[in-house]
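Everything below concerns the one structure shown next.
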Amino acid sequence: MRIFLDTADLESIRRAADTGLLDGVTTNPSKIAATGRPYRALVRDVCSAVTGPVSVEAIAATADGLVKNAVEIAGLAPNIVVKVPVTPEGLKAARILETERSVKVNVTMVFAADQACLAMKTGATYVSVVLSRLDATSTDSLLLVEDAMAIKRHYGFSSAVLAASLKTRQHVLGCLRLGCDVVTLPESLFFQMYQHPLTDQGLAEFERDWARVLP
Ligand code: E4P
C-alpha cells in the first residue's frame, strides 16, 4: 500500500519524507489556503520536497475551464497530479486530461460506489474515496473502499483507489485488509503507524538487559 501525506504543510511533508517511506502528497484548496502562502510557489516547494506524485486541485465550473486550469497547474512541476471533482464536467475534463493532454488525474470527492465506477471509466490515475466525511453521515466508509476495490477488480480498471480523509488507525487497518492501493494521511496518523505500547515495553526491557551485560 502506498502512503501519501494529506497536507500542504512543508515541514510536515519534509518530516514524513525523511522517513524514506512516504510515496506522495495530496493537497486541496483548504489545506493550501491554511498555509497562507501564494499557491504556485508553495506547490513548487511541495513538489521538490517529495519524489512521488503531488495532487493539486483544479477549480472551474466547466470541463474546458478545468482542463485549462489543470494544464497550468501541471506545468508547475513534473510530479503533479491534478484533482478534479466527480461531477459531469469534472469527469469530462478527467478523460480529456488523461487521454489527450498527458496530465495525470485524481478524481476527488467520491462518496459512493457508482461515482467511483464513473471516475474509473475516465482512465483517471487515482480515484479518491473520502472516508471520515462519509463516516460522519453514519455510513461505514470502509464499505466504500471495499466496493471501489471490487469494482476495479471486476472490470479491470487501471485507476488506483486512493483512500483519503483517514483519521484513525482503524481506517488504516481497514484499508490494509482490503488491499487499498493508496492511503493519504495526516502527519499525526502517519507517525502513529510506527507505535505500539508493546514495542516500547519490549525495547525498554532489552535496553535494561543490555546494560547488565555490556561492559
Ligand atoms: C480528498 O480528496 C480531500 O481533499 C481530503 O483528503 C479531505 O480530507 P479532510 O476530510 O481531512 O479535510
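The values are calculated or read from the model by the stated rules, or taken from the named source; none is laboratory data. As the structure is a prediction and not an experimental result, all values here were calculated from the model. Glycine gets a Cβ as well: all are built from the backbone with ideal geometry, and neighbour counts include every protein chain shown. In case anyone asks, the SASA skips ligands and DNA or RNA and just uses the protein heavy atoms, side chains included. Shrake-Rupley method; radii C 1.70, N 1.55, O 1.52, S 1.80 Å.
How many residues does the stretch 160-172 contain that are part of a strand (DSSP E or B) and in contact (Cβ under 8 Å) with a residue 60 or more places away in the chain?
Within the stretch 160-172, residues that are part of a strand (DSSP E or B) and in contact (Cβ under 8 Å) with a residue 60 or more places away in the chain number 3.
Collect the residues in the stretch 175-215 that are open to solvent by less than 10 Å² (accessible area, probe 1.4 Å) and touching a residue at least 24 places away in the same chain (Cβ under 8 Å), keeping them in residue-number order.
Result: Cys175, Cys180, Val182, Val183, Thr184, Leu185, Phe190.
Would you check if Thr108 is open to solvent by less than 60 Å² (accessible area, probe 1.4 Å) and among the hydroxyl-bearing types (Ser, Thr, Tyr)?
Spelling it out, Thr108 is indeed open to solvent by less than 60 Å² (accessible area, probe 1.4 Å) and among the hydroxyl-bearing types (Ser, Thr, Tyr).
Determine which single condition Arg15 fails, assuming it passes every other condition in (1) in contact with a Leu (Cβ under 8 Å, 6 or more places away or on another chain); (2) in a helix (DSSP H, G or I).
(1)
Could you tell me whether the stretch 144-166 includes any residue that is open to solvent by 40 Å² or more (accessible area, probe 1.4 Å) and within 16 Å of the chain's Cα centre (by Cα)?
no
Look at Cys175 and say whether it is under 25 Å from Cys117 (Cβ atoms) and in a loop (DSSP other than H, G, I, E, B).
no
Taking the stretch 61-72 as the search range and keeping residues that are buried (at least 21 other Cβ atoms within 10 Å of the Cβ) and not small (Gly, Ala, Ser), which one is farthest from the ligand (Cβ to nearest atom)?
So, considering only residues that are buried (at least 21 other Cβ atoms within 10 Å of the Cβ) and not small (Gly, Ala, Ser), the one farthest from the ligand (Cβ to nearest atom) is Val67.
Test Ser128 against the criterion of being closer than 17 Å to Lys83 by Cβ, open to solvent by less than 10 Å² (accessible area, probe 1.4 Å) and of a type in the set (S, T, N, Q), and give yes or no.
So Ser128 passes the test.
Of the conditions (1) within 17 Å of the chain's Cα centre (by Cα); (2) part of a loop (DSSP other than H, G, I, E, B), Tyr194 clears all except one; give me its number.
Unmet for Tyr194, out of (1) within 17 Å of the chain's Cα centre (by Cα); (2) part of a loop (DSSP other than H, G, I, E, B): (1).
Restricting attention to the stretch 53-60, does a residue exist that is more than 14 Å from the ligand (Cβ to nearest atom), under 23 Å from Ser159 (Cβ atoms) and either modelled with pLDDT of 95 or more or open to solvent by less than 30 Å² (accessible area, probe 1.4 Å) (or both)?
Yes - at least one qualifying residue is present in the stretch 53-60.
Filter the stretch 134-159 for residues that are in contact with a strand residue (DSSP E or B) (Cβ under 9 Å, 6 or more places away or on another chain), closer than 23 Å to Pro186 by Cα and not in a loop (DSSP other than H, G, I, E, B) and give the result.
Within the stretch 134-159, Ser141, Leu142, Leu144, Val145, Ala148, Met149 meet the criteria.
Got a sec? Which of Ala49, Ala8, Ala33 is out of contact with any strand residue (DSSP E or B) (no Cβ under 6 Å at 6 or more places or on another chain), among the hydrophobic types (A, V, I, L, M, F, W, C) and more than 16 Å from the ligand (Cβ to nearest atom)?
Ala49
Going by what's in this entry, would Pro85 be described as within 14 Å of the ligand (Cβ to nearest atom), more than 15 Å from Ala8 (Cα to Cα), at pLDDT 95 or above and open to solvent by 30 Å² or more (accessible area, probe 1.4 Å)?
yes
How many of the residues making up the stretch 194-215 are of a type in the set (Phe, Trp, Tyr) and either modelled with pLDDT under 95 or farther than 28 Å from Gly20 by Cα (or both)?
1
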